[in-house]
Amino acid sequence: MVELDQPLFRRVALIGLGLIGSSIARGIQATGVAGEIVATDRSPEVRARAREIGLADRIAESSAEAVEEADLVIACVPVGVCGEVAESFATHLAPGAIVSDVGSVKAAVVAAMQPHLPASVHFVPAHPVAGTEDSGPDAGFAELFVNRWCVLTPPAGTDALAVERLRQFWSALGANVETMEAEHHDRVLAITSHLPHLIAYTIVGTADELGSVTESEVLKFSAGGFRDFTRIAASDPTMWRDVFLTNKDAVLDMLGEFQEDLSKLTRAIRRGDGDALFEHFTRTRAIRRGIVSLGQDEARPNFGRPAAPLAVPDKAPSK
Ligand code: NAP
């Protein structure tokens, strides 16, 4: 993260104070990238909590009130409600403001938000590819975006200066920023994020259905791999429901490819084809090493989890 002498934005409005909204708020506070944060949330309880933990300079009672005179507005809400949220504040936007979002799917968000926005603002959709399985205003932390990617998907014809200003904003929060078309983003994320989540949701569900026979064993031996799926499968149900509903075509394409590959591995196991299995696992191991060398994960064993301390038996008193 870069601490700035001069804020890049005078006032940022954050609509939604869940994990991503509260992390952006914390990141702005840590870097000084904006002069003032005005934030809001649909829930009175979350607005009260946000005041209590000091997430913003001012907590507004509505999104319409929050966006007044802001030069950057970021909708931090589930993909499925981005359209209605944009509609709720559209007529209150200051001319020249940059309007953005953080949704994990982009083409559907562009289609839902853009029709509501006046021609006098710049619409630059964004997706910070960073998260945890936690939700809510207490889940946020300033470093969430450090060394993670943030993808901007400005529609054709978007003002280049507005795109550049948003790039600088995310860069100040520590992210590496890339620009691509919304449809391309959705295909890339379908394989790198959406399909892995679907597989985790499936495998954890399957283990749960086997529960009556193996429940205690599933939990007891979870460190064998299952535990890492359970972390992904604990992600927010609303967010992920919306991802699969709005990125349907790309996910179904990738799922088709995945099912073909799964059939190939199934056949190799059935036929005892060790060479095919070995060749496949060698190829996938190289991909893991590539991710680590790009600084996108831990090289330490067990994802860097600290080893459990060994229980040291009480020393017998020396005689
Ligand atoms: P979150 O912690 O569950 O927060 C969701 C926020 O959206 C809350 O402020 C919630 O309000 C608000 N919201 C939900 N339904 C709403 C509605 N109908 N109208 C208005 N506001 C509504 O989720 P999050 O992880 O911050 O996700 C927010 C966005 O970030 C999503 O679009 C998601 O795709 C994207 N994203 C998430 C991750 C991740 O790993 N979590 C990573 C990158 C991008 P309440 O406080 O009232 O519940």
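The values are calculated or read from the model by the stated rules, or taken from the named source; none is laboratory data. The structure displayed is predicted, hence computed values, not measured ones. As a convention, Cβ positions derive from the backbone with ideal geometry for all residues, glycine included, and neighbour counts pool all protein chains shown.
Descriptive notes on the structure:
- A count restricted to segment 19-42 and to residues that are within 11 Å of the ligand (Cβ to nearest atom) and over 13 Å from Phe141 (Cβ atoms) stands at 4.
- Count of residues meeting criterion [in contact with a His (Cβ under 7 Å, 6 or more places away or on another chain), crowded, with 16+ Cβ neighbours inside 10 Å and either assigned to a helix (DSSP H, G or I) or without any contact (Cβ under 8 Å) to a residue 12 or more places away in the chain (or both)] in segment 245-271: 1
- Residue tally, condition away from the ligand (no atom under 16 Å from the Cβ) and either over 14 Å from Arg10 (Cα atoms) or in contact (Cβ under 8 Å) with a residue 60 or more places away in the chain (or both), over segment 81-94: 2
- Residues being hydroxyl-bearing (Ser, Thr, Tyr) and within 12 Å of the ligand (Cβ to nearest atom) - total across segment 102-120: 1
- Qualifying residue in segment 43-54 (condition: within 15 Å of the ligand (Cβ to nearest atom), modelled with pLDDT of 95 or more, within 26 Å of Glu3 (Cα to Cα) and crowded, with 21+ Cβ neighbours inside 10 Å): yes
- When segment 121-161 is filtered for residues that are part of a loop (DSSP other than H, G, I, E, B), farther than 25 Å from Glu69 by Cα and more than 11 Å from the ligand (Cβ to nearest atom), the ones remaining, listed by number, are Phe141, Val146, Asn147, Ala156.
- First in segment 136-147 and in contact (Cβ under 8 Å) with a residue 60 or more places away in the chain and over 21 Å from Gln296 (Cα atoms), second anywhere and β-branched (Val, Ile, Thr) and surrounded by 16 or more Cβ atoms within 10 Å (Cβ to Cβ), Cβ under 6 Å, 6 or more apart: Pro137/Val46
- Qualifying residue in segment 76-92 (condition: of a type outside the set (Gly, Ala, Ser), touching a strand residue (DSSP E or B) at 6+ places or on another chain (Cβ under 8 Å), within 19 Å of Gln29 (Cα to Cα) and assigned by TED's automatic domain parsing to the domain that holds Ile20): yes
- Residue match in segment 144-167 (condition: surrounded by fewer than 17 Cβ atoms within 10 Å (Cβ to Cβ), touching a strand residue (DSSP E or B) at 6+ places or on another chain (Cβ under 9 Å), in the same structural domain as Asp253 (by TED's automatic domain parsing) and more than 20 Å from Ser22 (Cβ to Cβ)): no
- Those residues of segment 115-143 which are buried (at least 17 other Cβ atoms within 10 Å of the Cβ) and over 30 Å from Arg227 (Cβ atoms), in sequence order: His116, Leu117, Val121, His122, Phe123, Val124, Pro125, Ala126
- Residue identified as farther than 30 Å from His184 by Cβ and either modelled with pLDDT of 95 or more or within 16 Å of the ligand (Cβ to nearest atom) (or both) among Thr246, Thr266: Thr266
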